[in-house]
């Protein structure tokens with residue numbers, strides 16, 4: 001938190017205006033239903049790269 005009490009996120013990712021297709025129809029999605037899977041996929045890609053280089057994965061990331 002800063003002096004005004006505003007909290008800063010540890011991580012952030014896009015959370016609005018994701019184009020998705022449902023039953024052939026394009027629609028926009030947003031919120032944590034979009035941002036959480038995006039961040040999880042980024043971590044998965046990082047872990048894949050670490051494993052490919054015979055390094056340890058990131059492990060448990062929650063505070």
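Any read-out appearing in this document is the output of simple, stated calculations on the displayed coordinates, not a laboratory observation. Source: prediction; values computed, not measured. Cβ: placed from backbone, ideal geometry, glycine included. Neighbour counts: every protein chain shown.
Numerical summary
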| item | result |
| --- | --- |
| Kirkwood-based shape ratio for the chain, expressed as Rg/Rh from alpha carbons | 1.12 |
| Approximate spin-label separation residue 6-residue 38, in nm, with each point projected 7 Å along Cα-to-Cβ | 2.0 nm |
| Segments 22-29, 33-40 sorted - mean Cβ within 10 Å per residue, highest first | 33-40, 22-29 |
| Helix-only CD estimate at 222 nm, as mean residue ellipticity for the chain, using -39500 (n - 2.57) per DSSP H run (n ≥ 4) | -11500 deg cm²/dmol |
| Value of relative contact order over the chain, rounded to a whole percent, pairs C-alpha under 8 Å and six or more apart | 21 percent |
